[in-house]
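Peer 1: One structure, as structure tokens, below. Some questions next.
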Amino acid sequence: MELQFLGHAGWLATNKNFKALFDPWFNPQGCFFNEWFPFPNNAHLFTPELCCDLDFIYISHPHEDHFDKWFLNHIKKTVPIFIPNFRDKTLLHDLQELGFKTIVEFDDDDAAIVKGILVKIIKLEGYLESDSCILLDDDCSKILNLNDCHIAFSKLKRVIGDVDVLLLQCSNAIWFPCCYEYSEEKMAEHGKNKRQNILNRALKYAKTLNAKKVIPNAGPPIFRSPQHDRWNYSRRDISNPFGLMQDSVKYFHQEGIDASLVIPGSTISLNNNEIVVNSNTEEVANIYDDVDAYTTEYLKEIRSRNIEPPVVSEQELISVVPKFIKHIEKMFKISLFYVEKIKFPVLFDFQDRGRILVDFPKKTISEYVNQPYNYSFTFDPALVAQLFRNKTIDFETYFLSCNFSCKRSPDIYTEALFTLLKHFDIKRFATSERIYGERQSSFEETFEKTHEGKTYKIQKYCPHMFADLEEVGYFDDENNFCCPLHGWKFDCKTGECQNKNNFRLLIENIT
């Protein structure tokens, strides 16, 4: 079996008679409002040959850097598409609208044999996010493409076991802390923590799965707008959350893990227990010996492209605030959980189109006239108007563009607020709340663990992404109980989260 890296999270998997694509992304207009582009450049790999004779294409989740409609429009609609069986059917319906005839939805227990290769898709579907990963097993080697999916370590170990090659994200794809109004010192502190946390998680995956070879991929993006050049450059600075794949490889080597750097076009060959990575050494040097110089030339090419934003009519701009209010009012009526969990007023500033204050505790919406608030967002009304053109309205698409600003006082992350905005259309909002409600019973499960002569009763599942703490949780040197999935630490005496002030873990000393 052979893998070819297509850039970002894209891969081509082949053997003598098998050919499949994973998350190919080539759109020359970028994604997330034309802001993200693959780094390094992968445009040269988009060829007619790439699109021919495919056994299937795997799409991990609906984000535009994985679900590239531009590319898929170049594919014959008879090619099977493999996706996870999400309860939220956005991805399925979008693929149907593109005209694909065969769309196969996988549950965790499902498997397909495609020309002698076992294919499994393992999904992560929570109230906050949905994602998946794919396993290929040809009886000689196992390849897990984890991309940027954050499945619980214990579930992967149980379902998949050990792997030969692990493809996974080691650089952030997030708007925090980049879009927050922080001091330089605070921005650097948060950026450093984000950078280290994702590396820690990637290391935990590699060790849990006993990966023989680890390949960092699925980021970082390069941003088109000059206002984001701070993040395009200084990539090796430990406070930049968008780390380079080369630096991730160095980190793995320091931790005793066999990892390799790939660039678009690199291949990984698996044969008789031998794993060989082949890259164009001259091109690797061109990219990484002076990465800022490469970035400058690449940005010059991106910014020279004829990328015109969609025309937004005056009527659409006039309608932005009324539509936003209408959605919030519907959520006030139907919400079982999220609205009640937002304990403060939030200011939404649509610039010249108006400012509104949403008081979640009182369930009121009013024009902003200097009322107190704890959170604020400043949005570009033209971009929000484009969001409202879609059947499924997901502010995460906008957030990932990093073309907004936010501030909060106190500086406390509120998951319910972002979950609400990520599922802003009512159907997806209701689905998310149902999943949240079903998960609540898991908070009652506990286990016992001994540390330094004391026995603790501890909540079994992390209150964030429900990692099984009985299997992966650990005590650190500062008397915190930690979840390695996102690096959250809980005080053993109080249960308070040291990272996110609104979260608590049930933990009790019972000796």
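Peer 1: Can you tell which of Thr446, Thr414, Thr455, Thr494 is polar (S, T, N, Q) and in contact with a Ser or Thr (Cβ under 6 Å, 6 or more places away or on another chain)?
Peer 2: Thr455
Peer 1: For segment 435-449, what are the residues that are open to solvent by 30 Å² or more (accessible area, probe 1.4 Å) and without any contact (Cβ under 8 Å) to a residue 24 or more places away in the chain?
Peer 2: Result: Glu438, Gln440, Ser441, Glu444, Glu445.
Peer 1: Here's another thing I want to ask about it. Would you check if there is a residue in segment 134-145 being open to solvent by less than 30 Å² (accessible area, probe 1.4 Å), in contact with a Ser or Thr (Cβ under 8 Å, 6 or more places away or on another chain) and more than 26 Å from Arg87 (Cβ to Cβ)?
Peer 2: Checking segment 134-145: not a single residue is open to solvent by less than 30 Å² (accessible area, probe 1.4 Å), in contact with a Ser or Thr (Cβ under 8 Å, 6 or more places away or on another chain) and more than 26 Å from Arg87 (Cβ to Cβ).
Peer 1: Consider segment 53-109. How many of its residues are at pLDDT 95 or above, buried (at least 16 other Cβ atoms within 10 Å of the Cβ) and of a type in the set (Asp, Glu)?
Peer 2: The total comes to 6.
For every residue, the table says whether it meets (1) surrounded by 16 or more Cβ atoms within 10 Å (Cβ to Cβ); (2) touching a residue at least 40 places away in the same chain (Cβ under 8 Å).
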position: Lys454; (1), (2): no, yes
position: Lys457; (1), (2): no, yes
position: Lys460; (1), (2): yes, no
position: Gly473; (1), (2): yes, no
position: Asp477; (1), (2): no, no
position: Asn480; (1), (2): yes, no
position: Gly487; (1), (2): yes, yes
position: Phe490; (1), (2): yes, no
position: Lys493; (1), (2): no, no
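Peer 1: Let me ask something else. Check Ala188, Ala202 and return the single one that is small (Gly, Ala, Ser), at pLDDT 95 or above and more than 20 Å from the chain's Cα centre (by Cα).
Peer 2: Exactly one of Ala188, Ala202 is small (Gly, Ala, Ser), at pLDDT 95 or above and more than 20 Å from the chain's Cα centre (by Cα), namely Ala188.
Peer 1: Filter segment 142-160 down to residues that are at pLDDT 95 or above and not hydrophobic (A, V, I, L, M, F, W, C), then give me how many there are.
Peer 2: So the count comes out to 2.
Peer 1: While we're here: Please name all residue pairs, on different chains or six or more residues apart, with Cβ atoms under 7 Å, provided the first residue is in segment 238-249 and is free of Cβ contacts under 8 Å to residues at least 60 places away in the same chain and the second residue is among the aliphatic types (A, V, I, L, M).
Peer 2: Ser239/Ala188; Gln246/Leu261; Val249/Ala259; Val249/Leu261
Peer 1: Are there any strands (runs of 3 or more DSSP E) wholly within segment 5-111 with 3 or more residues that are more than 20 Å from the chain's Cα centre (by Cα), and if so which? Break it down stepwise before answering.
Peer 2: Working: elements: 10-14, 19-22, 36-38, 56-58, 81-84, 103-106.
Output list reads 10-14, 103-106.
Peer 1: Yes or no: segment 335-347 includes at least one residue that is without any contact (Cβ under 8 Å) to a residue 60 or more places away in the chain and either closer than 30 Å to Gly243 by Cα or touching a Leu at 6+ places or on another chain (Cβ under 8 Å) (or both).
Peer 2: Yes, segment 335-347 contains at least one residue that is without any contact (Cβ under 8 Å) to a residue 60 or more places away in the chain and either closer than 30 Å to Gly243 by Cα or touching a Leu at 6+ places or on another chain (Cβ under 8 Å) (or both).
Peer 1: Counting only residues that are part of a loop (DSSP other than H, G, I, E, B) and either open to solvent by less than 20 Å² (accessible area, probe 1.4 Å) or without any contact (Cβ under 8 Å) to a residue 40 or more places away in the chain (or both), how many does segment 203-223 have?
Peer 2: To start, the set of residues in segment 203-223 that are part of a loop (DSSP other than H, G, I, E, B) comprises 209-212, 218-220.
With the extra rule that they be either open to solvent by less than 20 Å² (accessible area, probe 1.4 Å) or without any contact (Cβ under 8 Å) to a residue 40 or more places away in the chain (or both), the set shrinks to 209, 211, 218-220.
Residues flagged as part of a loop (DSSP other than H, G, I, E, B) and either open to solvent by less than 20 Å² (accessible area, probe 1.4 Å) or without any contact (Cβ under 8 Å) to a residue 40 or more places away in the chain (or both) within segment 203-223 amount to 5.
Peer 1: When segment 272-307 is examined, which residues are found to be in contact (Cβ under 8 Å) with a residue 60 or more places away in the chain and either of a type in the set (Asp, Glu) or part of a strand (DSSP E or B) (or both)?
Peer 2: Ile275, Val277, Glu301
Peer 1: Still on this model: For the structure I just gave you, tell me whether Lys120 is open to solvent by 10 Å² or more (accessible area, probe 1.4 Å), of a type in the set (Lys, Arg) and outside any loop (DSSP other than H, G, I, E, B).
Peer 2: So Lys120 fits the description; yes.
Yes or no, residue by residue, for (1) within 27 Å of Ser313 (Cβ to Cβ); (2) among the hydrophobic types (A, V, I, L, M, F, W, C):
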{"site": "Leu336", "(1), (2)": "no, yes"}
{"site": "Ala385", "(1), (2)": "yes, yes"}
{"site": "Cys406", "(1), (2)": "no, yes"}
{"site": "Ser409", "(1), (2)": "no, no"}
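Each row is one residue, and each column tells you yes or no for (1) without any contact (Cβ under 8 Å) to a residue 24 or more places away in the chain; (2) closer than 18 Å to Cys31 by Cα; (3) surrounded by fewer than 16 Cβ atoms within 10 Å (Cβ to Cβ); (4) among the small types (Gly, Ala, Ser).
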site	(1), (2), (3), (4)
Lys333	yes, no, yes, no
Val384	no, yes, no, no
Thr392	no, yes, no, no
Glu396	no, yes, no, no
Phe404	no, yes, no, no
Pro410	no, no, yes, no
Ala416	no, no, no, yes
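Peer 1: Moving to a separate point now. Checking Val312 against (1) part of a loop (DSSP other than H, G, I, E, B); (2) without any contact (Cβ under 8 Å) to a residue 24 or more places away in the chain, which test does it fail?
Peer 2: All conditions are met except number (2).
Peer 1: Of all the residues that make up segment 348-373, how many are within 24 Å of Tyr127 (Cα to Cα) and open to solvent by less than 70 Å² (accessible area, probe 1.4 Å)?
Peer 2: So the answer is 4.
Peer 1: Another one. Return a yes/no flag: does segment 110-117 have any residue that is in contact with a strand residue (DSSP E or B) (Cβ under 9 Å, 6 or more places away or on another chain), within 30 Å of Gln440 (Cα to Cα) and buried (at least 19 other Cβ atoms within 10 Å of the Cβ).
Peer 2: no
Peer 1: If you check Ile268 against the conditions, is it open to solvent by less than 80 Å² (accessible area, probe 1.4 Å) and hydrophobic (A, V, I, L, M, F, W, C)?
Peer 2: Taking the combined requirement at face value, the residue satisfies it.
Peer 1: Say whether the condition of being of a type in the set (D, E, K, R), surrounded by 14 or more Cβ atoms within 10 Å (Cβ to Cβ) and over 24 Å from the mean Cα position of the chain (by Cα) is met by at least one residue in segment 224-241.
Peer 2: Within segment 224-241 (the criterion being of a type in the set (D, E, K, R), surrounded by 14 or more Cβ atoms within 10 Å (Cβ to Cβ) and over 24 Å from the mean Cα position of the chain (by Cα)), the answer is no, since none of the residues qualifies.
Peer 1: Now, a different point. Determine, yes or no, whether Val320 is at pLDDT 95 or above, open to solvent by less than 80 Å² (accessible area, probe 1.4 Å), assigned to a helix (DSSP H, G or I) and under 30 Å from Glu433 (Cα atoms).
Peer 2: For Val320, the condition - at pLDDT 95 or above, open to solvent by less than 80 Å² (accessible area, probe 1.4 Å), assigned to a helix (DSSP H, G or I) and under 30 Å from Glu433 (Cα atoms) - is met.
Peer 1: Sticking with this structure for a sec: Out of the residues in segment 186-219 meeting the condition of being among the small types (Gly, Ala, Ser) and touching an Asp or Glu at 6+ places or on another chain (Cβ under 9 Å), tell me which one is nearest to Asp162 (Cα to Cα).
Peer 2: Ala211
Peer 1: Something else now. Return the residue satisfying two criteria in turn: it lies in segment 3-19 and is open to solvent by 10 Å² or more (accessible area, probe 1.4 Å) and not polar (S, T, N, Q), and of such residues it is nearest to Leu144 (Cα to Cα). Can you show your working first?
Peer 2: Of all residues in segment 3-19, those open to solvent by 10 Å² or more (accessible area, probe 1.4 Å) come to 4, 12, 14-17, 19.
Narrowing further to those that are not polar (S, T, N, Q): 12, 16, 19.
Details: Leu12: 13, Lys16: 20, Lys19: 16 Å.
Looking at residues that are open to solvent by 10 Å² or more (accessible area, probe 1.4 Å) and not polar (S, T, N, Q), I get Leu12.
The values are calculated or read from the model by the stated rules, or taken from the named source; none is laboratory data. The structure presented is a predicted model; accordingly, all values stated were derived computationally and were not measured. Heads up, the Cβs are rebuilt from the backbone with ideal geometry, glycines too, and the neighbour counts pull from every protein chain shown. Remember, those area values only see protein heavy atoms, side chains included, never the ligands or the DNA or RNA. Shrake-Rupley method; radii C 1.70, N 1.55, O 1.52, S 1.80 Å.
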